[in-house]
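One structure is given here, and the rest of the page talks about it.
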Amino acid sequence: MKGSFITFEGCEGVGKTTQVDRLRRYLDESGQKALFLREPGGTAISEKIRAMILSKENDKMNGKCEALLYSAARAQLLGEVVAPALEDGTTVVCDRFTDSTFAYQGAARGLGTDFIDALNRLTCGDIVPDLTIFLDMPPRKAFARKGGADKNDRLESQSIEFHEKVYAGYKEVASMYPQRIVCIDASKDADGVWEDVIAVIRARTRVR
Ligand code: TMP
């Protein structure tokens with residue numbers, strides 16, 4: 001039996017990590033087999049690509065190079081880890097996936113919908129999340145709550161206009177794939193968001 005593939009998406013500072021950690025605890029305590037990953041990363045090769053992408057030294061990197069590097073990291077993660085785990089019936093939870101490429105490189109870097117859709121298809125083939133949770137909060141609000149951006153992170157430290165475009169990109173991709181992407185209001189407190197997150201996961205995947 002194939003495992004469920006669940007991804008989390010959202011702008012910086014919306015509380016993704018908190019919700020992913022809660023899901024990890026929930027699955028662990030209820031004895032459900034699960035694998036937790038973050039993108040870019042999750043394999044030795046993908047972590048090296050992550051360091052290259054996020055390094056402040058690489059400020060000349062253009063949008064296309066960035067998109068292809070994210071895809072390269074993803075291709076390795078899918079082949080080495082995700083595909084075998086799903087085949088084995090394991091629930092796979094990934095913090096960011098193809099919709100991040102859509103929002104950051106497609107919308108904010110301006111590569112466009114068609115380029116990213118084609119790239120995502122080439123990279124992932126038939127591995128598509130069963131459910132994507134988009135934690136919905138506009139970037140100004142998220143940064144205010146987080147207390148500002150991480151200045152050492154090349155993507156996070158982009159202008160607020162860049163992050164507004166990321167947010168608009170997420171809204172667009174959510175409207176393109178309404179069956180797969182569920183928008184959850186992330187402005188509630190962490191307990192309130194978690195109630196919504198676990199309700200959707202239980203209703204839409206094999207997680208119990
Ligand atoms: P993280 O800080 O949530 O681990 O994500 C790393 C950064 O990479 C974050 O700023 C979002 C960005 N990103 C993209 O720009 N495109 C992608 O495809 C992915 C997966 C992440």
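The values are calculated or read from the model by the stated rules, or taken from the named source; none is laboratory data. Only a predicted model underlies this, so the values are computations on that prediction, with no experimental measurement involved. Note that we place each Cβ from the backbone using ideal geometry, even for glycine, and neighbour counts take in every protein chain shown.
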Residue selected from region 155-184 under the condition acidic (Asp, Glu) and over 16 Å from the mean Cα position of the chain (by Cα), by the criterion surrounded by the most Cβ atoms within 10 Å (Cβ to Cβ): 164
Can you tell me which of 67, 73, 85 is more than 30 Å from residue 206 (Cβ to Cβ) and surrounded by 17 or more Cβ atoms within 10 Å (Cβ to Cβ)? 67
Can you tell me which condition residue 162 does not meet? The list is (1) away from the ligand (no atom under 11 Å from the Cβ); (2) modelled with pLDDT of 95 or more, and all the others hold. (1)
Kindly evaluate residue 111 against the criterion of being within 14 Å of the ligand (Cβ to nearest atom) and assigned to a strand (DSSP E or B). no
Hey, among 12, 47, which residue is among the charged types (D, E, K, R), closer than 23 Å to residue 190 by Cβ and under 16 Å from the mean Cα position of the chain (by Cα)? 12
